[in-house]
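Structure, as C-alpha coordinates:
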Amino acid sequence: MTTNCEFTLAELMIVAASEAFRGDGEILASGLGIIPRLGASLAKMTHAPELMMTDSESLLVEEPIPVGPRGDYVPKYSGYMSFERVFECVWGGKRHAMIGPTQIDRFGQTNLSVVGDYDKPKVAMLGVRGLPGNSINHINSLFVPSHNTRAFVEGEVDMVSGVGYNPARWSKNMRQDLMEIRHIVTNLCVMDFGGPDHAIRVRSLHPGVTFEEVQANTGFELLKAPDMGETAHPTAEQLAIIAQLDPHNLRARQLKDNPPGIRGASNDQ
Amino acid sequence: MNKLMTTAEAVAKLRDGMTIGFGGWGPRRKPMAIVREILRSDVKDLTVVSYGGPEVGMLCAAGKVKKLVFGFATMDAIPLEPWFRKVRQAGEIEVMELDEGMFQWGLRAAGMRLPFLPTRCGLATDVMKHNDLRTIQSPYDDGEELLAMPALNLDMAFVHVNKADKLGNTLITGSDPYFDHLVARAAERCIVSAEEVVDKLELDAATARFNTFERYLVQGVVHAPKGAHPTMCAPDYGWDLAHMKRYAASATQEDGWTIYLDEFVNGGEDAYQAANGGADAISQLPVPTF
(Lines give C-alpha, C1' and ligand atoms only; values in the text may rest on other atoms or scores of the structure.)
Protein backbone atom coordinates (compact mmCIF):
# COMPACT_ATOMS: atom_id res chain seq x y z
CA MET A 1 0.00 0.00 0.00
CA THR A 2 1.31 3.42 -0.85
CA THR A 3 0.47 6.69 0.77
CA ASN A 4 0.40 10.01 -0.95
CA CYS A 5 3.34 12.29 -0.40
CA GLU A 6 3.13 16.03 -0.78
CA PHE A 7 6.81 16.63 -1.42
CA THR A 8 9.55 15.13 -3.50
CA LEU A 9 12.93 13.89 -2.36
CA ALA A 10 14.50 16.83 -4.21
CA GLU A 11 12.37 19.22 -2.15
CA LEU A 12 13.32 17.44 1.07
CA MET A 13 16.99 17.80 0.09
CA ILE A 14 16.52 21.51 -0.75
CA VAL A 15 15.21 22.06 2.77
CA ALA A 16 18.09 20.00 4.21
CA ALA A 17 20.54 22.05 2.13
CA SER A 18 18.98 25.25 3.42
CA GLU A 19 19.57 24.08 7.01
CA ALA A 20 23.32 23.85 6.35
CA PHE A 21 23.40 27.67 6.09
CA ARG A 22 21.58 28.27 9.41
CA GLY A 23 23.41 30.68 11.68
CA ASP A 24 26.08 31.60 9.13
CA GLY A 25 25.55 35.34 9.51
CA GLU A 26 26.49 37.95 6.94
CA ILE A 27 28.57 35.94 4.47
CA LEU A 28 28.35 34.97 0.80
CA ALA A 29 26.27 31.81 0.27
CA SER A 30 27.04 29.87 -2.91
CA GLY A 31 25.03 26.83 -3.90
CA LEU A 32 26.53 25.14 -6.96
CA GLY A 33 23.94 23.11 -8.84
CA ILE A 34 20.15 23.41 -8.76
CA ILE A 35 19.42 21.76 -5.40
CA PRO A 36 22.27 23.49 -3.47
CA ARG A 37 21.37 26.84 -5.06
CA LEU A 38 17.70 26.45 -4.18
CA GLY A 39 18.80 25.44 -0.67
CA ALA A 40 20.89 28.59 -0.23
CA SER A 41 18.10 30.69 -1.74
CA LEU A 42 15.51 29.14 0.58
CA ALA A 43 17.79 29.86 3.56
CA LYS A 44 17.98 33.52 2.56
CA MET A 45 14.22 33.72 2.03
CA THR A 46 13.45 32.16 5.43
CA HIS A 47 15.81 31.80 8.39
CA ALA A 48 18.93 33.64 7.12
CA PRO A 49 18.00 36.89 5.31
CA GLU A 50 21.43 38.31 6.16
CA LEU A 51 23.13 35.92 3.72
CA MET A 52 24.59 37.48 0.58
CA MET A 53 24.06 35.95 -2.87
CA THR A 54 24.97 36.66 -6.48
CA ASP A 55 23.28 36.16 -9.82
CA SER A 56 25.79 33.28 -10.32
CA GLU A 57 27.85 35.71 -12.40
CA SER A 58 29.14 39.02 -11.08
CA LEU A 59 26.27 40.93 -9.48
CA LEU A 60 24.88 40.78 -5.96
CA VAL A 61 21.15 40.40 -5.32
CA GLU A 62 19.12 40.68 -2.12
CA GLU A 63 16.28 38.68 -3.68
CA PRO A 64 17.55 35.29 -4.88
CA ILE A 65 17.06 34.94 -8.64
CA PRO A 66 14.74 32.09 -9.67
CA VAL A 67 16.54 29.30 -11.53
CA GLY A 68 16.08 28.71 -15.25
CA PRO A 69 14.74 31.04 -17.95
CA ARG A 70 13.72 34.33 -16.34
CA GLY A 71 10.71 35.33 -18.43
CA ASP A 72 9.49 38.69 -17.16
CA TYR A 73 11.54 38.48 -13.99
CA VAL A 74 14.01 41.36 -13.72
CA PRO A 75 16.78 40.90 -11.14
CA LYS A 76 17.31 43.74 -8.67
CA TYR A 77 21.02 44.20 -8.18
CA SER A 78 22.44 45.47 -4.92
CA GLY A 79 26.14 45.38 -5.66
CA TYR A 80 29.02 43.96 -7.59
CA MET A 81 30.91 40.72 -7.01
CA SER A 82 33.28 40.00 -9.89
CA PHE A 83 35.18 36.71 -9.90
CA GLU A 84 38.17 38.63 -8.61
CA ARG A 85 36.18 39.85 -5.62
CA VAL A 86 34.88 36.33 -4.98
CA PHE A 87 38.48 35.21 -4.49
CA GLU A 88 39.06 38.05 -2.06
CA CYS A 89 35.92 36.96 -0.21
CA VAL A 90 37.12 33.33 -0.21
CA TRP A 91 40.55 34.18 1.15
CA GLY A 92 38.95 36.32 3.85
CA GLY A 93 36.82 33.34 4.88
CA LYS A 94 33.49 35.11 4.32
CA ARG A 95 31.75 32.41 2.33
CA HIS A 96 29.88 29.13 2.65
CA ALA A 97 29.75 27.07 -0.52
CA MET A 98 27.80 23.88 -1.12
CA ILE A 99 29.40 21.87 -3.89
CA GLY A 100 29.06 18.43 -5.45
CA PRO A 101 32.43 16.68 -5.68
CA THR A 102 32.85 13.37 -7.50
CA GLN A 103 34.49 11.58 -4.57
CA ILE A 104 34.51 12.15 -0.80
CA ASP A 105 36.52 10.20 1.78
CA ARG A 106 36.16 9.65 5.53
CA PHE A 107 38.23 12.78 6.22
CA GLY A 108 35.95 14.96 4.10
CA GLN A 109 38.67 15.28 1.46
CA THR A 110 37.09 15.82 -1.95
CA ASN A 111 38.01 15.13 -5.58
CA LEU A 112 36.94 16.97 -8.73
CA SER A 113 40.07 16.26 -10.79
CA VAL A 114 40.56 12.70 -12.00
CA VAL A 115 39.47 9.15 -11.22
CA GLY A 116 42.25 6.59 -11.42
CA ASP A 117 45.95 7.13 -12.02
CA TYR A 118 46.92 10.80 -12.12
CA ASP A 119 49.24 10.62 -15.13
CA LYS A 120 46.87 8.55 -17.26
CA PRO A 121 43.49 8.88 -15.61
CA LYS A 122 40.53 6.62 -16.24
CA VAL A 123 38.32 9.72 -16.13
CA ALA A 124 39.48 13.33 -16.37
CA MET A 125 36.87 15.65 -14.90
CA LEU A 126 36.85 19.43 -14.53
CA GLY A 127 40.15 19.94 -12.73
CA VAL A 128 40.52 20.97 -9.09
CA ARG A 129 38.80 24.32 -9.83
CA GLY A 130 38.51 26.35 -6.60
CA LEU A 131 38.38 23.38 -4.23
CA PRO A 132 41.87 23.70 -2.69
CA GLY A 133 41.39 27.38 -1.87
CA ASN A 134 37.71 27.18 -0.91
CA SER A 135 38.17 24.18 1.36
CA ILE A 136 41.08 25.64 3.36
CA ASN A 137 39.58 29.12 3.72
CA HIS A 138 35.86 28.96 4.40
CA ILE A 139 32.89 26.80 5.32
CA ASN A 140 31.92 24.18 2.79
CA SER A 141 29.03 21.75 2.61
CA LEU A 142 28.83 18.84 0.25
CA PHE A 143 25.99 17.64 -1.95
CA VAL A 144 25.75 14.08 -3.26
CA PRO A 145 22.72 13.28 -5.41
CA SER A 146 23.60 9.58 -5.60
CA HIS A 147 24.90 8.18 -2.33
CA ASN A 148 27.03 5.13 -3.13
CA THR A 149 30.50 3.67 -2.61
CA ARG A 150 31.80 5.33 -5.78
CA ALA A 151 31.10 8.73 -4.24
CA PHE A 152 32.00 7.83 -0.63
CA VAL A 153 35.21 5.96 -1.23
CA GLU A 154 37.26 3.62 0.91
CA GLY A 155 40.69 5.06 1.71
CA GLU A 156 41.54 8.51 0.37
CA VAL A 157 39.97 10.07 -2.73
CA ASP A 158 42.00 9.52 -5.92
CA MET A 159 43.20 13.13 -6.14
CA VAL A 160 42.83 15.23 -3.00
CA SER A 161 41.44 18.47 -4.47
CA GLY A 162 39.72 19.84 -1.36
CA VAL A 163 41.27 19.55 2.09
CA GLY A 164 39.72 17.55 4.90
CA TYR A 165 40.43 16.46 8.45
CA ASN A 166 43.25 14.07 7.58
CA PRO A 167 46.02 14.69 10.13
CA ALA A 168 48.63 13.16 7.82
CA ARG A 169 48.08 16.03 5.36
CA TRP A 170 48.70 18.88 7.81
CA SER A 171 51.88 20.13 9.43
CA LYS A 172 51.81 21.77 12.85
CA ASN A 173 52.46 25.21 11.35
CA MET A 174 49.61 25.11 8.85
CA ARG A 175 46.39 26.94 9.79
CA GLN A 176 43.87 24.12 9.85
CA ASP A 177 41.54 26.10 12.10
CA LEU A 178 40.21 28.21 9.19
CA MET A 179 38.48 25.28 7.52
CA GLU A 180 35.12 23.73 8.28
CA ILE A 181 33.07 21.14 6.48
CA ARG A 182 29.54 21.63 7.70
CA HIS A 183 27.01 19.17 6.28
CA ILE A 184 26.82 16.50 3.63
CA VAL A 185 23.38 16.31 2.05
CA THR A 186 22.71 13.16 0.02
CA ASN A 187 19.70 11.40 -1.45
CA LEU A 188 19.69 9.12 1.62
CA CYS A 189 20.60 11.25 4.61
CA VAL A 190 22.30 14.29 6.11
CA MET A 191 25.73 13.83 7.70
CA ASP A 192 28.17 16.02 9.57
CA PHE A 193 31.71 15.82 10.99
CA GLY A 194 30.69 15.88 14.66
CA GLY A 195 32.24 12.54 15.69
CA PRO A 196 35.57 12.07 17.52
CA ASP A 197 38.40 13.68 15.49
CA HIS A 198 35.79 14.97 13.02
CA ALA A 199 34.52 11.48 12.15
CA ILE A 200 31.49 11.54 9.87
CA ARG A 201 28.13 10.93 11.56
CA VAL A 202 24.64 10.52 10.22
CA ARG A 203 22.56 13.40 11.60
CA SER A 204 19.28 12.43 10.02
CA LEU A 205 17.88 9.78 7.70
CA HIS A 206 15.47 10.67 4.93
CA PRO A 207 11.99 9.15 5.46
CA GLY A 208 12.06 5.38 4.96
CA VAL A 209 15.87 5.07 4.79
CA THR A 210 17.72 2.96 7.39
CA PHE A 211 21.16 3.55 8.84
CA GLU A 212 22.20 0.12 7.54
CA GLU A 213 21.33 1.13 3.99
CA VAL A 214 23.41 4.29 4.30
CA GLN A 215 26.32 2.31 5.75
CA ALA A 216 26.11 -0.28 2.97
CA ASN A 217 26.40 2.50 0.39
CA THR A 218 29.40 4.16 2.06
CA GLY A 219 33.01 3.03 1.66
CA PHE A 220 33.95 3.79 5.26
CA GLU A 221 32.46 3.34 8.71
CA LEU A 222 29.81 5.82 9.79
CA LEU A 223 28.70 6.90 13.24
CA LYS A 224 25.17 7.72 14.38
CA ALA A 225 24.65 11.15 15.89
CA PRO A 226 23.17 10.72 19.41
CA ASP A 227 19.98 12.47 18.32
CA MET A 228 19.85 10.92 14.85
CA GLY A 229 16.26 11.15 13.63
CA GLU A 230 14.33 11.70 10.45
CA THR A 231 15.21 14.57 8.12
CA ALA A 232 12.69 17.39 8.55
CA HIS A 233 9.82 17.37 6.05
CA PRO A 234 9.32 20.56 4.05
CA THR A 235 6.58 22.80 5.39
CA ALA A 236 3.83 24.20 3.15
CA GLU A 237 5.51 27.60 3.40
CA GLN A 238 8.88 26.19 2.33
CA LEU A 239 7.29 24.34 -0.59
CA ALA A 240 5.62 27.56 -1.75
CA ILE A 241 8.91 29.45 -1.65
CA ILE A 242 10.71 26.63 -3.48
CA ALA A 243 8.04 26.71 -6.20
CA GLN A 244 8.53 30.46 -6.53
CA LEU A 245 12.33 30.07 -6.75
CA ASP A 246 12.04 27.27 -9.32
CA PRO A 247 9.12 28.21 -11.60
CA HIS A 248 10.15 25.70 -14.31
CA ASN A 249 10.38 22.80 -11.84
CA LEU A 250 14.01 22.11 -12.70
CA ARG A 251 14.22 20.37 -9.30
CA ALA A 252 12.14 17.53 -10.71
CA ARG A 253 15.01 16.70 -13.10
CA GLN A 254 17.84 16.57 -10.57
CA LEU A 255 17.32 13.06 -9.20
CA LYS A 256 16.69 9.94 -11.23
CA ASP A 257 12.91 9.36 -11.58
CA ASN A 258 12.18 12.32 -9.24
CA PRO A 259 11.30 10.08 -6.26
CA PRO A 260 8.79 11.08 -3.58
CA GLY A 261 10.10 12.51 -0.31
CA ILE A 262 8.84 9.54 1.65
CA ARG A 263 10.23 6.22 0.45
CA GLY A 264 7.46 4.05 -0.99
CA ALA A 265 4.92 6.84 -1.23
CA SER A 266 3.68 8.19 -4.54
CA ASN A 267 4.15 11.77 -5.59
CA ASP A 268 0.92 13.67 -5.39
CA GLN A 269 1.28 17.24 -6.41
CA MET B 1 51.77 54.83 -32.89
CA ASN B 2 49.70 52.17 -34.57
CA LYS B 3 49.63 48.67 -33.07
CA LEU B 4 47.08 47.29 -35.52
CA MET B 5 48.01 43.93 -37.00
CA THR B 6 46.31 40.90 -38.54
CA THR B 7 45.72 37.58 -36.76
CA ALA B 8 48.38 36.08 -39.05
CA GLU B 9 50.90 38.74 -38.02
CA ALA B 10 50.05 38.14 -34.37
CA VAL B 11 50.46 34.38 -34.58
CA ALA B 12 53.69 34.78 -36.60
CA LYS B 13 55.25 36.12 -33.41
CA LEU B 14 54.90 32.71 -31.75
CA ARG B 15 57.79 30.26 -31.61
CA ASP B 16 57.77 26.55 -30.85
CA GLY B 17 58.01 25.86 -27.13
CA MET B 18 56.65 29.22 -25.98
CA THR B 19 54.51 29.68 -22.88
CA ILE B 20 51.30 31.42 -23.88
CA GLY B 21 48.42 32.61 -21.74
CA PHE B 22 44.81 33.21 -22.73
CA GLY B 23 42.34 35.64 -21.20
CA GLY B 24 38.69 34.84 -20.55
CA TRP B 25 37.18 32.17 -18.34
CA GLY B 26 35.85 28.80 -19.57
CA PRO B 27 33.43 29.55 -22.43
CA ARG B 28 33.64 33.32 -21.86
CA ARG B 29 35.44 35.91 -23.98
CA LYS B 30 38.19 33.69 -25.35
CA PRO B 31 40.38 35.01 -28.19
CA MET B 32 39.13 32.28 -30.52
CA ALA B 33 39.95 34.01 -33.84
CA ILE B 34 43.60 33.99 -32.70
CA VAL B 35 43.25 30.38 -31.54
CA ARG B 36 41.94 29.40 -34.99
CA GLU B 37 44.93 31.12 -36.55
CA ILE B 38 47.24 29.12 -34.24
CA LEU B 39 45.42 25.96 -35.36
CA ARG B 40 46.22 26.91 -38.98
CA SER B 41 49.89 27.52 -38.13
CA ASP B 42 52.87 25.19 -37.70
CA VAL B 43 53.68 26.31 -34.17
CA LYS B 44 53.96 23.47 -31.65
CA ASP B 45 55.16 22.35 -28.19
CA LEU B 46 53.30 25.16 -26.47
CA THR B 47 52.84 25.53 -22.75
CA VAL B 48 49.28 26.83 -22.48
CA VAL B 49 48.24 28.78 -19.37
CA SER B 50 44.51 29.32 -19.07
CA TYR B 51 41.28 29.31 -17.10
CA GLY B 52 40.41 26.80 -19.75
CA GLY B 53 37.56 26.71 -22.20
CA PRO B 54 37.36 25.33 -25.75
CA GLU B 55 40.67 26.98 -26.71
CA VAL B 56 42.41 24.45 -24.47
CA GLY B 57 40.58 21.50 -25.99
CA MET B 58 41.13 22.67 -29.57
CA LEU B 59 44.85 23.25 -29.08
CA CYS B 60 45.06 19.81 -27.43
CA ALA B 61 43.16 18.23 -30.32
CA ALA B 62 45.60 19.79 -32.77
CA GLY B 63 48.59 18.41 -30.87
CA LYS B 64 49.94 21.90 -30.15
CA VAL B 65 50.09 21.51 -26.37
CA LYS B 66 53.13 20.11 -24.60
CA LYS B 67 52.06 21.27 -21.18
CA LEU B 68 48.86 22.71 -19.79
CA VAL B 69 48.79 25.00 -16.74
CA PHE B 70 45.17 25.16 -15.63
CA GLY B 71 42.61 25.26 -12.85
CA PHE B 72 39.87 23.75 -14.98
CA ALA B 73 38.82 23.10 -18.54
CA THR B 74 35.12 23.43 -19.22
CA MET B 75 32.48 24.83 -21.56
CA ASP B 76 29.98 25.12 -18.64
CA ALA B 77 26.94 24.18 -20.73
CA ILE B 78 29.01 21.11 -21.68
CA PRO B 79 30.82 20.65 -18.36
CA LEU B 80 33.52 18.19 -19.44
CA GLU B 81 35.69 19.70 -22.19
CA PRO B 82 35.76 16.82 -24.69
CA TRP B 83 39.21 17.15 -26.28
CA PHE B 84 40.95 18.14 -23.06
CA ARG B 85 39.43 15.04 -21.53
CA LYS B 86 40.44 12.76 -24.37
CA VAL B 87 44.03 13.97 -24.52
CA ARG B 88 44.40 14.10 -20.72
CA GLN B 89 43.08 10.54 -20.34
CA ALA B 90 45.50 9.32 -22.98
CA GLY B 91 48.35 10.82 -20.93
CA GLU B 92 49.46 12.88 -23.94
CA ILE B 93 50.08 16.19 -22.19
CA GLU B 94 52.02 17.31 -19.14
CA VAL B 95 49.85 19.16 -16.67
CA MET B 96 50.28 21.69 -13.92
CA GLU B 97 46.88 21.58 -12.25
CA LEU B 98 46.27 24.49 -9.90
CA ASP B 99 43.58 25.89 -7.68
CA GLU B 100 41.84 28.80 -9.47
CA GLY B 101 43.12 31.19 -6.83
CA MET B 102 46.70 29.88 -6.98
CA PHE B 103 46.53 30.42 -10.74
CA GLN B 104 45.78 34.13 -10.43
CA TRP B 105 48.34 34.37 -7.62
CA GLY B 106 50.97 33.00 -10.03
CA LEU B 107 49.92 35.56 -12.67
CA ARG B 108 50.08 38.34 -10.09
CA ALA B 109 53.56 37.27 -8.99
CA ALA B 110 54.70 37.38 -12.61
CA GLY B 111 53.14 40.80 -13.15
CA MET B 112 54.85 42.15 -10.04
CA ARG B 113 58.19 40.57 -11.01
CA LEU B 114 58.21 38.42 -7.86
CA PRO B 115 59.45 34.80 -7.76
CA PHE B 116 56.38 33.67 -5.79
CA LEU B 117 53.50 34.81 -3.61
CA PRO B 118 52.45 33.08 -0.37
CA THR B 119 49.01 31.53 -0.01
CA ARG B 120 47.18 28.86 1.94
CA CYS B 121 45.48 27.61 -1.23
CA GLY B 122 46.79 24.19 -2.23
CA LEU B 123 48.18 23.19 1.18
CA ALA B 124 47.12 19.74 2.39
CA THR B 125 46.03 18.68 -1.12
CA ASP B 126 47.54 16.64 -3.96
CA VAL B 127 48.09 19.89 -5.90
CA MET B 128 51.25 20.18 -3.75
CA LYS B 129 52.40 16.68 -4.57
CA HIS B 130 51.82 16.62 -8.32
CA ASN B 131 53.47 19.97 -9.00
CA ASP B 132 56.49 19.82 -6.71
CA LEU B 133 55.32 23.02 -5.02
CA ARG B 134 57.26 24.20 -2.01
CA THR B 135 56.25 25.88 1.20
CA ILE B 136 57.72 28.81 3.07
CA GLN B 137 57.56 29.66 6.75
CA SER B 138 56.41 33.10 7.81
CA PRO B 139 59.46 34.99 9.13
CA TYR B 140 57.25 36.65 11.77
CA ASP B 141 56.25 35.35 15.19
CA ASP B 142 53.31 33.34 13.84
CA GLY B 143 55.69 31.03 11.97
CA GLU B 144 52.88 29.87 9.70
CA GLU B 145 53.72 27.47 6.89
CA LEU B 146 52.41 28.74 3.56
CA LEU B 147 52.56 27.57 -0.01
CA ALA B 148 54.94 29.59 -2.21
CA MET B 149 53.03 29.90 -5.48
CA PRO B 150 55.65 30.38 -8.22
CA ALA B 151 55.24 33.16 -10.78
CA LEU B 152 53.51 32.09 -14.00
CA ASN B 153 55.64 34.03 -16.45
CA LEU B 154 54.21 34.12 -19.97
CA ASP B 155 56.06 34.70 -23.23
CA MET B 156 52.87 35.84 -24.91
CA ALA B 157 49.32 36.60 -23.83
CA PHE B 158 46.21 36.77 -26.00
CA VAL B 159 43.14 38.59 -24.70
CA HIS B 160 39.86 39.34 -26.46
CA VAL B 161 38.13 42.63 -25.60
CA ASN B 162 34.98 44.43 -26.67
CA LYS B 163 36.66 47.55 -27.98
CA ALA B 164 40.17 48.84 -28.57
CA ASP B 165 42.00 51.60 -30.33
CA LYS B 166 45.11 51.46 -32.46
CA LEU B 167 47.20 52.73 -29.55
CA GLY B 168 46.35 49.63 -27.50
CA ASN B 169 43.74 51.15 -25.19
CA THR B 170 41.06 48.56 -24.43
CA LEU B 171 37.55 48.33 -23.01
CA ILE B 172 35.94 45.24 -21.49
CA THR B 173 32.25 46.13 -21.25
CA GLY B 174 30.86 42.75 -20.11
CA SER B 175 29.91 42.58 -16.47
CA ASP B 176 33.10 40.77 -15.43
CA PRO B 177 36.64 41.53 -16.61
CA TYR B 178 37.77 38.10 -15.29
CA PHE B 179 41.58 38.08 -14.88
CA ASP B 180 42.63 39.47 -18.25
CA HIS B 181 44.52 42.34 -16.61
CA LEU B 182 46.64 39.79 -14.74
CA VAL B 183 47.19 37.71 -17.88
CA ALA B 184 48.37 40.86 -19.69
CA ARG B 185 50.68 41.83 -16.83
CA ALA B 186 52.21 38.34 -16.56
CA ALA B 187 53.33 38.33 -20.19
CA GLU B 188 56.44 39.51 -21.96
CA ARG B 189 54.13 40.53 -24.79
CA CYS B 190 50.35 40.81 -25.01
CA ILE B 191 48.24 41.00 -28.13
CA VAL B 192 44.56 41.86 -27.88
CA SER B 193 41.86 41.03 -30.36
CA ALA B 194 38.79 43.25 -30.29
CA GLU B 195 35.22 43.23 -31.52
CA GLU B 196 35.65 46.84 -32.59
CA VAL B 197 38.79 48.88 -33.25
CA VAL B 198 38.85 52.68 -33.59
CA ASP B 199 41.71 55.09 -34.28
CA LYS B 200 41.62 56.63 -30.83
CA LEU B 201 39.20 56.08 -27.94
CA GLU B 202 37.53 59.30 -26.79
CA LEU B 203 35.39 58.36 -23.82
CA ASP B 204 33.29 59.86 -21.05
CA ALA B 205 34.46 59.18 -17.50
CA ALA B 206 31.92 56.41 -16.81
CA THR B 207 32.89 54.45 -19.92
CA ALA B 208 36.61 54.89 -19.26
CA ARG B 209 36.18 52.68 -16.18
CA PHE B 210 35.76 49.70 -18.50
CA ASN B 211 39.48 49.96 -19.24
CA THR B 212 41.11 47.31 -17.03
CA PHE B 213 44.79 47.39 -18.04
CA GLU B 214 47.23 49.87 -19.51
CA ARG B 215 48.17 50.18 -23.17
CA TYR B 216 51.90 49.85 -22.39
CA LEU B 217 51.09 46.15 -21.80
CA VAL B 218 49.66 45.80 -25.32
CA GLN B 219 52.02 45.23 -28.26
CA GLY B 220 49.42 44.37 -30.86
CA VAL B 221 45.75 45.05 -31.64
CA VAL B 222 43.84 42.72 -33.94
CA HIS B 223 40.42 43.61 -35.30
CA ALA B 224 38.46 40.37 -34.86
CA PRO B 225 34.69 40.90 -34.89
CA LYS B 226 32.88 37.83 -33.51
CA GLY B 227 36.37 36.73 -32.60
CA ALA B 228 35.28 35.09 -29.34
CA HIS B 229 32.80 32.75 -31.04
CA PRO B 230 31.81 30.05 -30.03
CA THR B 231 32.48 31.47 -26.55
CA MET B 232 30.44 34.41 -25.35
CA CYS B 233 31.42 38.04 -25.50
CA ALA B 234 28.95 39.84 -23.26
CA PRO B 235 27.22 42.15 -23.82
CA ASP B 236 27.77 41.75 -27.59
CA TYR B 237 26.74 38.09 -27.99
CA GLY B 238 26.26 34.87 -26.03
CA TRP B 239 27.93 31.53 -26.47
CA ASP B 240 26.91 29.25 -29.35
CA LEU B 241 25.76 26.05 -27.70
CA ALA B 242 24.96 24.39 -31.05
CA HIS B 243 28.51 25.02 -32.24
CA MET B 244 30.01 23.84 -28.95
CA LYS B 245 27.98 20.63 -29.28
CA ARG B 246 29.20 20.19 -32.85
CA TYR B 247 32.78 20.70 -31.67
CA ALA B 248 32.25 18.29 -28.74
CA ALA B 249 30.96 15.64 -31.13
CA SER B 250 34.25 15.80 -33.04
CA ALA B 251 35.97 14.11 -30.09
CA THR B 252 33.99 10.91 -30.57
CA GLN B 253 33.55 10.99 -34.34
CA GLU B 254 35.94 9.03 -36.61
CA ASP B 255 38.48 11.59 -37.93
CA GLY B 256 36.38 14.11 -36.06
CA TRP B 257 39.09 16.71 -35.62
CA THR B 258 40.10 16.71 -39.28
CA ILE B 259 36.47 17.08 -40.27
CA TYR B 260 35.98 19.93 -37.79
CA LEU B 261 39.05 21.74 -39.13
CA ASP B 262 37.85 21.33 -42.73
CA GLU B 263 34.34 22.44 -41.92
CA PHE B 264 35.21 25.47 -39.77
CA VAL B 265 38.86 26.39 -39.43
CA ASN B 266 40.91 25.82 -42.57
CA GLY B 267 38.94 28.25 -44.71
CA GLY B 268 39.76 31.32 -42.61
CA GLU B 269 37.65 33.63 -40.49
CA ASP B 270 35.15 34.79 -43.13
CA ALA B 271 34.35 31.20 -44.04
CA TYR B 272 34.16 30.38 -40.33
CA GLN B 273 31.50 33.00 -39.76
CA ALA B 274 29.59 31.91 -42.85
CA ALA B 275 29.67 28.29 -41.62
CA ASN B 276 28.09 29.53 -38.39
CA GLY B 277 25.23 31.39 -40.04
CA GLY B 278 27.06 34.66 -40.64
CA ALA B 279 28.07 37.60 -38.46
CA ASP B 280 24.48 38.77 -38.00
CA ALA B 281 23.39 35.41 -36.64
CA ILE B 282 26.33 35.36 -34.23
CA SER B 283 25.36 38.87 -33.06
CA GLN B 284 21.92 37.53 -32.19
CA LEU B 285 23.17 34.74 -29.90
CA PRO B 286 21.59 35.53 -26.52
CA VAL B 287 23.86 36.09 -23.53
CA PRO B 288 22.95 33.24 -21.15
CA THR B 289 21.56 33.81 -17.66
CA PHE B 290 22.19 31.50 -14.75
Exercise for review: Check the stretch B:47-54 and report whether any residue there is β-branched (V, I, T) and within 11 Å of chain A (Cβ to nearest Cβ).
Suggested key: no
Exercise for review: Report yes if some residue within the stretch A:225-232 is in a loop (DSSP other than H, G, I, E, B), of a type outside the set (S, T, Y) and buried (at least 19 other Cβ atoms within 10 Å of the Cβ); otherwise report no.
Suggested key: no
Check your understanding: Residue check: is A:P75 assigned to a loop (DSSP other than H, G, I, E, B), within 9 Å of chain B (Cβ to nearest Cβ), touching a residue at least 24 places away in the same chain (Cβ under 8 Å) and out of contact with any Cys (no Cβ under 9 Å at 6 or more places or on another chain)?
Key -> no
**Study point:** Condition broken by B:A151, with the remaining ones in (1) within 14 Å of chain A (Cβ to nearest Cβ); (2) within 22 Å of the chain's Cα centre (by Cα); (3) surrounded by 19 or more Cβ atoms within 10 Å (Cβ to Cβ) satisfied
**Key:** (1)
Review point. List pairs: first in the stretch A:49-64 and under 13 Å from B:T289 (Cα atoms), second among the charged types (D, E, K, R) and surrounded by 15 or more Cβ atoms within 10 Å (Cβ to Cβ), Cβ under 7 Å, 6+ apart or cross-chain?
Key: A:E57/B:D176; A:S58/B:D176
Check your understanding: Is there any pair linking a residue in the stretch A:123-141 that is more than 7 Å from chain B (Cβ to nearest Cβ) and at negative phi to one that is surrounded by fewer than 24 Cβ atoms within 10 Å (Cβ to Cβ) and aromatic (F, W, Y), with Cβ under 9 Å and at least six apart or on different chains, and which?
Key -> A:H138/A:W91
Practice item. Filter the stretch B:129-142 down to the residues that are outside any loop (DSSP other than H, G, I, E, B) and within 9 Å of chain A (Cβ to nearest Cβ), then identify the one that is nearest to the chain's Cα centre (by Cα). Key: B:H130
Practice item. Identify, from the list A:V123, A:V114, A:V61, A:V86, the residue that is buried (at least 22 other Cβ atoms within 10 Å of the Cβ) and aliphatic (A, V, I, L, M). Key: A:V114
Review point. Is there any pair linking a residue in the stretch B:42-65 that is crowded, with 23+ Cβ neighbours inside 10 Å to one that is at pLDDT below 95, with Cβ under 8 Å and at least six apart or on different chains, and which?
Key: B:Y51/B:G71; B:G52/B:G71
Study note, to complete from the structure: By residue number, the members of the stretch A:173-224 that are over 30 Å from A:W91 (Cβ atoms), touching a residue at least 40 places away in the same chain (Cβ under 8 Å) and outside any strand (DSSP E or B) are A:N187, A:L188, A:H206, A:P207, A:G208, A:V209, A:V214, A:N217, A:T218, A:G219, A:F220, A:E221
Review point. Somewhere in the stretch B:175-182, is a residue among the aromatic types (F, W, Y), within 14 Å of chain A (Cβ to nearest Cβ) and more than 22 Å from B:V35 (Cα to Cα)?
Key: no
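The values are calculated or read from the model by the stated rules, or taken from the named source; none is laboratory data. Every value quoted in this text rests on a predicted model; they were computed, and no experiment measured them. Don't worry about glycine lacking a Cβ; one is built from the backbone with ideal geometry, like all the others, and counts go over all protein chains shown.
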